[in-house]
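Everything below concerns the one structure shown next.
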Amino acid sequence: MNESASSTPTCGGQRAPASPLAPTPEQRDGPAPLAHFAQMIDHCLDYATAAKAQGHPVVGIMCEYTPREVLLAAGAVPVCLCGGSAATIPAAEQSLPTNLCPLIKSTFGYHVQRSNPFLELADLVVAETTCDGKKKMFELMGLNRPMWILELPHKADTPAALDAWTAEVKKFAAHVEARFGVTLTVEKLRAAIQRMNRERDLRRRLAGLLARDPPPLTGRELLQFSSLISGMEADLVQYERAWRWYSARRGPPAAARAKPVRLLLTGVPTVHGAERVVEIIEASGAVVVCTENCTGLKPLLEDVDPQAADPLAAIARKYEHLPCSIRTVNRRRLETLRTLATAFQPQGVIELVWQGCLTYEVEAVTVQRFVETELKLPYLKLTTDYSPAEAERLRLRVEALVETVRRRWPAGGGGR
Ligand code: SF4
Ligand code: SF4
């Protein structure tokens, strides 16, 4: 595989729509890593196409529970397929209900239209049994795509759940071996673990810079440092360069006011193409200093033991800990929020819920109570979809939260 022709991480297989915001000086002039990730889709497509031509399978994934290490160890290219575009939703609504989550509809719309080049390249699609909408959408997608169902136990943090999940990860690994004619040796698995650990570490360090006050980059800029394909060497080099560049930077990013309100964003993923909510928040006098979701820090917080005698069991353990709202009882999410609030010192919390996402919508009741009574921070829930028409309504609600924070801590501080 040509490692130099690579690129970046998150879900979605589409080119990003033009941002409504003017580019910051960093976006116009540098740093070089931002320019690299601005071409993320093109890099990923070149990489996946070249890899496939060299005999490496391309595997589409749609959830952070899929252990990428297994696919990397098999020499496969794991590509995130989650849709972030509103443009593909009408095609999906020909067969899916209109009140379904936009992420599911957008992903399915690409499938119907055959317009996601990564999905069209995929030799296999992994269907993770998370929310009901995704599971039933996968049944339709699987009618004419090669698909492997990865069964996730929904009860969280029990020995039985871990045993079942470990067995499932091993069954998945055996399927990958048989389908692609490879052997997943301990050495190959350890190499893949080390690669993913390195990527997580670099992305954690970059995200960790937003703990500074003022932060040297915005939450929207941080979102840019991600890729549809994990583990590519060219991306890892650019993560490292970005971390060095922003580490040396002093003062707030050009896009942020001198003393922006520090907010933590939690909830559903803001996949590639659906970053609009972060842009609205940061155009309202705030900076998203920390993101507790699957396109933010949530999947990066834990690594896999690279020396474990049973690498597949170690991989299963790390992924089983991911605190998604489809698990019950999802206590780990509250603990994660507490840890992140301590580290990043937000002055308020915004919960984002995609319309039709019942698990995050209902779990928001628990999260709000936790944020207000335990973290003692103002909380705002935004339920929305991918429609640009929602922008004004969202902006007014975010501005009200920002004003609440400023009234509570007129001299700044607060979370600090
Ligand atoms: S939010 Fe849940 S279902 Fe969605 S990608 Fe994350 S773990 Fe998977
Ligand atoms: S946002 Fe909610 S409904 Fe949509 S795919 Fe994720 S878990 Fe499912």
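What follows draws every value from the coordinates through simple rules; no lab data is involved. Worth saying up front: this structure is predicted, and the values here are computed from it rather than measured. We place every Cβ from the backbone using ideal geometry, glycine too, and count neighbours over all the protein chains shown.
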TODO: Work out the length of the dipole vector of the stretch 3-408 about its Cα centre, built from +1 on the beta-carbon of each Lys and Arg and -1 on the beta-carbon of each Asp and Glu, and round it to the nearest 20 debye.
DONE: 880
Task: Positive dipole terminus of the chain, leading residue within 364, 99, 263 (C-beta point charges) - done: 263
- [ ] Starting with the highest mean, order 155-162, 212-219, 361-368 by the number of other Cβ atoms within 10 Å, averaged over the residues of each peptide.
- [x] 212-219, 361-368, 155-162
Open item on the list: Using only DSSP helix segments of four residues or longer, with each worth -39500 (n - 2.57), what per-residue ellipticity at 222 nm results for the chain after dividing by its residue count and rounding to 500?
Closed with: -14000 deg cm²/dmol
Task: Under 5 Å, built H, 5+ apart or other chain: amide partners of residue 348 - done: 264
TODO: Would you mind calculating the gained length between residue 161 and residue 400 on full extension (0.36 nm times residue separation, minus the Cα-Cα distance), in nm to one decimal?
DONE: 81.8 nm
Open item on the list: I need two numbers for the chain: Rg to one decimal and Dmax as a whole number, Cα atoms only, in Å.
Closed with: 20.3, 63
TODO: Once you have the Cα-Cα distance between residue 32 and residue 309, take 0.36 nm times their residue separation minus that, and quote the gain in nm to one decimal.
DONE: 95.7 nm
- [ ] State to the nearest 20 debye the size of the charge dipole of the stretch 300-350 about its Cα centre, where the only charges are +1 on K and R beta carbons and -1 on D and E beta carbons.
- [x] 300
TODO: For residue 376, list the lysines whose Cα falls under 23 Å from its own Cα; do not include residues on the same chain fewer than 8 positions away.
DONE: 259, 298
- [ ] Would you look at the GNM of the chain, springs on alpha carbons closer than 10 Å, and say which of 286, 274, 248 moves the most?
- [x] 248
Open item on the list: Using a Cα-Cα cut-off of under 18 Å, which lysines could be cross-linked to residue 105, ignoring same-chain neighbours fewer than 8 residues away?
Closed with: 134, 135, 136
TODO: Would you tally the net charge around residue 67, using a Cβ to Cβ cut-off of less than 11 Å, leaving residue 67 out, and scoring K and R as +1, D and E as -1?
DONE: -1
TODO: With a/c under 1.5 counting as rounded, go ahead and sort the stretch 90-214 into rounded, prolate or oblate using the C-alpha gyration tensor (a ≥ b ≥ c being the square roots of the eigenvalues; past the cut-off, prolate if a/b is larger than b/c, else oblate).
DONE: oblate
